[in-house]
C-alpha cells in the first residue's frame, strides 16, 4: 500500500490540498485510493463549514493523477493533467463532511491515448456510492497549444 507521503511526492497537490491517504490497489486500467480528509475541519475545499459532495470530483481527479504517476513509473517525471470536462455526475448525498469513516475513491480508465484520457469515477463509503461520474483529462496541455494556429 502506498501512503500519503508517496502520493504527495508524485502529484502536484501539496499540503492540505493533497486529499488522499493511501493507494489500496491499482492496475493499468484502474485505481482505488483511501481518503479521510473529508472529515477534517481544515479541509481547503470546505465552504461555510461544509464539504459539498461536488468536492468528490477533486478527490477523483487526484486519484486519476496518482494513477497516471503509477503508470508512468518511478523514473518518469510526473505529467501535468487538467480536467477538461466532467459528465454524468451524480451526487447521491448533499455533503461529504458528515460521512463517518474513510472514503474509497475509484477511477477506471475507459479510453485514452498519450494526451487524452477518459475515466469513470466514484466515491464510496461502506459499500454505498456517494458520488459518481466520468471525467476527461488532458495531459501536458501546454504542448498541445503548439498544434493550434
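The values are calculated or read from the model by the stated rules, or taken from the named source; none is laboratory data. Computed from a predicted model, the values in this text were never measured in an experiment. A quick note on method: Cβ atoms are made from the backbone with ideal geometry, for glycine too, and the neighbour counts reach across all protein chains shown.
Residues checked against (1) closer than 19 Å to residue 7 by Cβ; (2) touching a helix residue (DSSP H, G or I) at 6+ places or on another chain (Cβ under 6 Å):
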{"site": "39", "(1), (2)": "yes, no"}
{"site": "43", "(1), (2)": "yes, yes"}
{"site": "60", "(1), (2)": "yes, no"}
{"site": "80", "(1), (2)": "yes, no"}
{"site": "108", "(1), (2)": "yes, no"}
{"site": "111", "(1), (2)": "no, no"}
{"site": "127", "(1), (2)": "no, no"}
Answer from 74, 98 - the residue that is out of contact with any strand residue (DSSP E or B) (no Cβ under 8 Å at 6 or more places or on another chain), assigned to a loop (DSSP other than H, G, I, E, B) and at pLDDT 95 or above:
98
Residue satisfying all of: in the stretch 37-50; over 15 Å from residue 124 (Cα atoms) and under 16 Å from the mean Cα position of the chain (by Cα); surrounded by the fewest Cβ atoms within 10 Å (Cβ to Cβ) among these
44
Enumeration of residues in the stretch 77-93 that are over 15 Å from residue 132 (Cβ atoms) and either touching a strand residue (DSSP E or B) at 6+ places or on another chain (Cβ under 9 Å) or in contact (Cβ under 8 Å) with a residue 24 or more places away in the chain (or both)
78, 79, 80, 81, 82, 83, 84, 85
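For (1) at pLDDT below 95; (2) surrounded by 15 or more Cβ atoms within 10 Å (Cβ to Cβ), each residue gets a yes or a no:
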residue: 8; (1), (2): yes, yes
residue: 11; (1), (2): yes, yes
residue: 18; (1), (2): no, yes
residue: 21; (1), (2): no, yes
residue: 29; (1), (2): no, no
residue: 32; (1), (2): no, yes
Six or more apart or on different chains, Cβ atoms under 6 Å: show the pairs whose first residue is in the stretch 5-16 and more than 20 Å from residue 45 (Cβ to Cβ) and whose second is assigned to a loop (DSSP other than H, G, I, E, B).
10/78
